[in-house]
Amino acid sequence: EKKIIVNQFIHDPKDKYSLSYNVVTSLYDDSKGHLWAGTLNGLDILDKNTGKFTVFKNDPYNPNSLNCNSINRIYTDNQGLIWIGTASGGVNIFDADNNNFIVFKNNPQNKKSLNNNLVNCIYEDSKGSIWIGTQANGGLTNFNKTTGEFNCFKDEIVYAGKKRPIGNITSIQEI
């Protein structure tokens, strides 16, 4: 007979190794024994062996820190990169070798940048292409890993032979 063990983690302001916030918006269980939790106040990584969290938050004096504490989505691609979609900071990719983040944000002067900084979802298709769904007038963005550039689909997309407007993208799936 299998036993099911349920652990509850809560934020404790007196414990720096506790969950950073009690609202968890995204979870990811990696192959190294860590549970990643995106919260409204940071990115937390639980070491399942110790029960302690490492918390990443924005440091305005460090350009390589997580650039937004409100996390919407955690996703890993086929190369093992951890992509973090944020509520106002675009996409952060965790650089495990240096324990910091590579940030991609919208730049209105650059049409090859992310189309909106409010990221709802991230998906990698069968060809290894990264797709990012954003809020409101952002729409859909495709990231080219080779060039580091984004191709934005803001106005309309052809679906089932018809042009349709793009708005708030909350989920991406390959069919």
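Below are the figures for this structure:
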read-out	value
Residue tally, condition crowded, with 21+ Cβ neighbours inside 10 Å and outside any loop (DSSP other than H, G, I, E, B), over region 108-129	2
Residues that are among the charged types (D, E, K, R) and modelled with pLDDT under 70, drawn from region 135-175	LYS154, ASP155, GLU156, ARG164
Matching residues, region 17-40, being in a loop (DSSP other than H, G, I, E, B) and within 19 Å of ASN100 (Cβ to Cβ)	SER20, ASP30, LYS32
Count of region 31-56 residues which are open to solvent by less than 70 Å² (accessible area, probe 1.4 Å) and polar (S, T, N, Q)	2
Cβ pairs under 6 Å, 6+ apart, first in region 46-67 and more than 23 Å from ILE102 (Cβ to Cβ), second open to solvent by 80 Å² or more (accessible area, probe 1.4 Å) and aliphatic (A, V, I, L, M)	none
Matching option when the condition is open to solvent by 60 Å² or more (accessible area, probe 1.4 Å) and touching a strand residue (DSSP E or B) at 6+ places or on another chain (Cβ under 7 Å), among ASN67, ASN78, ASN92	ASN78
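For every residue, the table says whether it meets (1) within 24 Å of VAL23 (Cβ to Cβ); (2) in a loop (DSSP other than H, G, I, E, B).
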{"position": "CYS68", "(1), (2)": "yes, yes"}
{"position": "ILE93", "(1), (2)": "yes, no"}
{"position": "ASN106", "(1), (2)": "no, yes"}
{"position": "THR141", "(1), (2)": "no, no"}
{"position": "THR170", "(1), (2)": "yes, yes"}
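For every residue, the table says whether it meets (1) within 22 Å of ALA87 (Cα to Cα); (2) at pLDDT below 95; (3) over 18 Å from the mean Cα position of the chain (by Cα).
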position	(1), (2), (3)
GLU1	no, yes, yes
ILE4	no, yes, yes
ASP12	no, no, yes
TYR17	no, no, yes
VAL23	yes, no, no
ASP30	no, yes, no
TYR61	yes, no, yes
CYS68	yes, no, no
ILE71	yes, no, no
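The values are calculated or read from the model by the stated rules, or taken from the named source; none is laboratory data. Bear in mind that the values here come from a model prediction, so they are computed numbers and not experimental data. Neighbour counts are summed over all protein chains in view; Cβ atoms, including those assigned to glycine, are modelled from backbone coordinates with ideal geometry. Protein only, heavy atoms only, side chains kept; ligands, DNA and RNA dropped before computing areas. Shrake-Rupley method; radii C 1.70, N 1.55, O 1.52, S 1.80 Å.
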